[in-house]
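See structure below.
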């Protein structure tokens, strides 16, 4: 008999040789119908794997990320089989599951494969899936595996196998198809009910441009056709909300090849939007006891050698700037924290002075690879809403919790209500990735976990995701489309105070090391604006909108009255503009709607005579005629209501 521990802590006894599917059936037939993957003692196994020792078992369904991974990995096998049957002689390389679906990299040889060919492959995949073929994992010697693929002339699989140790090699079989595979599959192909091959792209073998370029086929699959239909509809909505598209339409930002890739240029409306976001956070920070500082965009190379940033990131960053003085080198600032450490050092501190909270909207520069750049979400120059808190060890818990409160306030004020937290710890098996005393790392990790538990936050622990100088708490926010984004981070750091020899005089009159907290509720202004754009679809809260009102004159005759309306609104601090182009009113309304302007005021002869405006609301239509004063009061009250509701 063996003891199987389930996630709820319960322990069940089974005969040795039991499978995860047997365990599922012992719990309920309903669970057994839905189980598609499993892990035993934290190792992914098949639902048919025999278990012969005591251990912890987790059963996964489609509703688990691990279940989806097995589902999509299995779908990649079905794709590979369909391709081999339709295009005999092709060479398969790798086909992993990814965040949303799967792909397979294929060498088509002399065959031509284009977008229009995807539909035939989809149909073939569904035909294979309907056969309900079981996935079966089997072990192979290295010699047999090499012999199998050498006979096929598949140099890609041969290269993969040559990098594996004998005794660790497995193949997966289903129907007439077999593939080199580590495992993690659904019980049978029949569980796959809907498939969509999304696109094709070129991909160098093993990501090396010196190797042959293969054809990468991306796909996604689901256990129900309805889920695929909903997913495709979501993708269409995501295209409409793409921040790059909206940023251009709303004239918020642009890029220039002359300025350089990944270096955004903020247009007047975008700059005004950023300024309002910054002022919003500055106001909250002032209440929380932060002091604003400013640091330069460059620093001597020695500064980043001291902090450890140069050793970790120097080779992949912007290269040093050499001055006319021999041996003098500067770097574009990759982080604000070394500068803030030096700000802390400008004078001696007592424990009575702490905590010190230094905040800065500091622009930093990192040389991201050109292929990884993406709108505002991945850039080479960006501004962090950065702050560093220097406190005593006794103050750490309270200060960390205050930062959590600030992050939650920011999310609530901007409509991000669905989030989880991730405690990112170091990987104990890779100590070379980190700097600092291991004992201090343990203290920092325990401090974060303790604070998260006390605040009763939903959290998961991710090993290996810590910053190189300390563990952190990341906030994972879901947007209006259900996509997850990492927004906001808090880090505990005992290491940089050591490296910069930071001290304070304690009550015992001795010098002590402060603890450092790094925090950025927005993360970066660029990425935050991109996510906010896609979350709201460009329909920002009224208090944040670049233009709150567009005044649309029926003709040039009413330009003077339009200017009068504009002046009265601006006197009430309402952001408005006048559209006095000689276009039809219908076109002006359509364009104002496309520009997401919350209110349109139409003015003509009757409005001028009556001293009124005809009001339209974005996406709702006509609200009727009212006096300028009445409209101004209505809008002002709406903004006040938002400010009160969100405590902006």
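Read-outs throughout are calculated quantities, based only on the coordinates presented, and are distinct from any laboratory measurement. This is a predicted model, so every value here is computed, not measured. Positions of Cβ are backbone-derived with ideal geometry, glycine not excepted, and every protein chain shown enters the neighbour counts.
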Margin query: Can you tell me the orientation of helix 65-86 relative to the chain, as the angle in degrees between its alpha-carbon axis and the longest Cα principal axis, to the nearest 10?
Written below: 60
Notebook entry, point to check: So what's the angle, to the nearest 10 degrees on a 0 to 90 scale, between helix 225-241 and the longest Cα principal axis of the chain?
Noted result: 40
Item checked: Share, in percent, of DSSP beta bridges within segment 508-648 that are antiparallel, nearest 5 -> 55
Check: What ranking of 18, 43, 492, 195 emerges when the number of other C-beta atoms within 10 Å of each C-beta is taken as an exposure proxy, fewest first?
Finding: 43, 18, 195, 492
Check: In percent, what relative contact order does segment 2-61 have, based on Cα pairs under 8 Å that are 6 or more apart in sequence?
Finding: 42
Checklist line | Peptides 81-92, 399-410 ordered by average Cβ neighbours within 10 Å, highest first | finding: 399-410, 81-92
Next item on the list: May I ask what percent, to the nearest 5, of DSSP beta bridges between residues of segment 253-536 are antiparallel?
Entry: 85
Next item on the list: Can you tell me the relative contact order of the chain? Whole percent, Cα pairs under 8 Å, sequence separation 6 or more.
Entry: 9
Margin query: I'd like the orientation of helix 585-594 relative to the chain: the angle between its Cα long axis and the longest Cα principal axis, in ° from 0 to 90, rounded to 10.
Written below: 50
Notebook entry, point to check: For segment 70-86 and segment 441-460, what is the separation of their Cα centres, given in Å?
Noted result: 42
Next item on the list: Give me the distance between the Cα centres of segment 139-168 and segment 584-629, rounded to whole Å.
Entry: 71
Check: By DSSP, what percent of the beta bridges with both residues in the chain are antiparallel, rounded to the nearest 5?
Finding: 85
Next item on the list: Pairs of Cα atoms under 8 Å, at least six residues apart: use those to get the relative contact order of segment 1-113, whole percent.
Entry: 20
